[in-house]
Each structure stands twice: as C-alpha cells, then as structure tokens.
1. Any idea which of Leu168, Leu147 is surrounded by fewer than 23 Cβ atoms within 10 Å (Cβ to Cβ), away from the ligand (no atom under 16 Å from the Cβ) and closer than 22 Å to Ile251 by Cβ?
2. Is it the case, given these coordinates, that Val54 is surrounded by 17 or more Cβ atoms within 10 Å (Cβ to Cβ), free of Cβ contacts under 8 Å to residues at least 60 places away in the same chain, within 13 Å of Val107 (Cβ to Cβ) and aliphatic (A, V, I, L, M)?
3. Within the set of pairs 6 or more residues apart or between chains, which connect a residue that is in the same structural domain as Leu264 (by TED's automatic domain parsing) inside the range 159-181 to a residue that is of a type in the set (S, T, N, Q) and more than 12 Å from the ligand (Cβ to nearest atom) with Cβ atoms less than 6 Å apart?
4. Does Glu320 satisfy the criteria of being of a type in the set (D, E, K, R), in a helix (DSSP H, G or I) and either over 22 Å from Ala221 (Cα atoms) or touching a Lys or Arg at 6+ places or on another chain (Cβ under 7 Å) (or both)?
5. Just for strands (runs of 3 or more DSSP E) wholly inside the range 1-118: which have at least 3 residues that are of a type outside the set (A, V, I, L, M, F, W, C)?
6. For the range 213-229, state whether one or more residues are assigned to a helix (DSSP H, G or I), closer than 30 Å to Ile153 by Cα and at pLDDT 95 or above.
7. How many residues does the range 35-51 hold that are among the charged types (D, E, K, R) and either surrounded by 14 or more Cβ atoms within 10 Å (Cβ to Cβ) or under 18 Å from Leu318 (Cβ atoms) (or both)?
8. Going through Val188, Val262, Val239 one at a time, which residue ends up being within 16 Å of the ligand (Cβ to nearest atom), of a type in the set (Val, Ile, Thr) and in contact (Cβ under 8 Å) with a residue 24 or more places away in the chain?
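The values are calculated or read from the model by the stated rules, or taken from the named source; none is laboratory data. Fair warning: this is a prediction, and the values are worked out from it, not measured in the lab. Methodologically, a virtual Cβ is constructed for each residue, glycine included, from the backbone with ideal geometry; neighbour enumeration extends over all protein chains shown.
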Amino acid sequence: MTPENTILIGIDIGGTNVRAGAVSPQGDLLFREDALIEAARGPDYGLPVIIDLVDTVIAQAGQPVLALGIGSTGPLDREHGCIQNPYTLPGWENVDIVSPLRQRFGVPVALENDADAAALGEAWVGAGRGFGSMVMVTIGTGVGFALIKDGVIHRGIGGEHPEGGHILIDPSGPACYCGANGCLESLVAGPAIAAFAREAVKSHPESFLARIPDTPEKLEAKHVFDGARQGDSICIGLVDQTADYIVRGLISILMMILPDAVVLTGGVLRSFDLMEERIRAALEHVNVIIPAGKVHIQLSKTGQQAGLFGAARAAQLLQEKEA
Ligand SMILES: [Zn+2]
C-alpha cells in the first residue's frame, strides 16, 4: 500500500511542452506546471528543464515523493529507460531519461509511451475507471492506441508498444511513414484531414475552405470542422468521410478486442459531436457477430491531463513493485 501524505510525480513529455504534476496516491491532482521543452534544442537543454520543473512541482506540493513516472512520445527503449524519438523529439535519440531523474530524486522512475500513459491515466481516474478492459484511441496530430486490461498496460513483443493507430483501412489511401498506404493515421489524423481539405478546395472555390486566409497552404483540420458547423457542404463531406474512416478503425478494434470500453480523445475528437451520430449508427451494424452495442464508447474525462495521471499511476505501480 502507498503511505499516506506522499505524492507521485507524473511527467508528460511532448514535442513542444513538458508538463509535470503532483498526484496523490488516490489520484487527485494537487499541483501542475508546464514548461517549454523546445525539443529541437536537444536533451542537453531539455533534461535540465525537466529537472527544474519537477523541483518546482515537488516544492509546491510540499510532501515526500514516492516515485516519478514519465509518459513520452515514442519510440522508447523501456528496458534501458531511453527515449529514441528523432521524429517528434529531434536530437532525442537513445537519450537515457530515467537514470538522471532517479539519481537526482532518489526514487523509482517509470517510463511509458505517451499513448499507454494516457490510457493508464484514463483507466485510473477517468472514463475507463471501473472497466476490466479499455481501449484508448487518441486522434490528433497522429493516432495513438493503447489497451489496458485489469489495470495493466498491454505490451507487445519485448515490451514494445503496439501501434494500433496504423491499422490498415484503405490500401488506396495516402502513404504513411509507417510504410503502409491508407492506415488509420494517414486518413483521420489532423494533418490527413488538412491534406484532404487542400485537395477538395481546388475543385470547390465556392467552399468555406476557399475563404480561409492563405488557403490552401494554411488549411487545418479545425477549418474543416468550423466549416461543417456553418453548414458548408464540402466540409460536411470531409467530416463524414473522417467519421466513416474512424468507424472502420473502431470496427477492427471491436472485432479483435471487444473491450468493455473505448475512450476517445485528441484534438480531432474535440469535434466528436459532429461525427457521433454517424459513428454510433454505423457501429450498430456490427452487432451481428459480436455484441458491439454493449461496448461503452465515450470521450475522455481527463482530457489533456490523461498522460500526467497515467505517468503518476505508472510511478505508483513501479514503486509498489519495488517496495
Ligand atoms: Zn501509418
């Protein structure tokens, strides 16, 4: 059991920001602070920023620290506590993040992929609470996927993180850096929606999208959702297309895993209300061979704090293991 009046520190590392929070062993967020990590400046700049941030959070919380947890954009080498991410953290290749923090703070330090951390957080204190199995799908700049079963993160071979956001949806779709054409991320992530919008505006000068300044170069997914809210038919078509691709992704997930709950989050899903009816209606047809209708599909409750809660929970699990 976790001693009373102690804290867990959750750290959420993204490409631009790092966020740290003090979380009670029961899952209450006591204090939170963000800092700019400026990932492009590399770990020599970023690591001291993270350590300073953790110092600040610990000082503000004013209680002894049980353990630290880090959620970071992958790929990671969890066995050696390293970040290996030249994609969204340029310069962060084989960077040992666990040892310096363990040395500095003298407590166990857990390292998790950010999608896993977010799912763990949501299962602990958010929309996944109380469910035996939960899949979390994050649709934003990319598409993240994680599975939590009985409070434990599902891991792949050698402890690697499976990338369910890259399941194949449409082989005639756009090329993705994962090597496939038409994977889920290449069709529904923010940049994918923006690319479809840039294509659509070429043949539809009457569209809402044609009135965005510096169109088509500056078109973003949010313009598509804004246009759909204003009744623009081209934007509505793009939103429906996104919903249909999300449905295909969800059907694959339900067919393979049939979890108790699916929790949705991420920037694109802030416009879930525009897609919800279409998605739920389509999923009703899946009821034939699996009871898909029983799966609780809902939005995240912890939102952008999910990774922080999950990093804290990972810290707690590690501390209990090492105790
Ligand atoms: Zn892909």
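1. Exactly one of Leu168, Leu147 is surrounded by fewer than 23 Cβ atoms within 10 Å (Cβ to Cβ), away from the ligand (no atom under 16 Å from the Cβ) and closer than 22 Å to Ile251 by Cβ, namely Leu147.
2. When the stated conditions are applied, Val54 passes them.
3. Qualifying pairs under 6 Å: His161/Asn113; Ile167/Ser252.
4. Here the answer is yes, as Glu320 does meet what is asked.
5. Fully inside the range 1-118 and qualifying: 17-23, 29-36, 65-72.
6. no
7. 1
8. None of the others qualify; the one that does is Val188.
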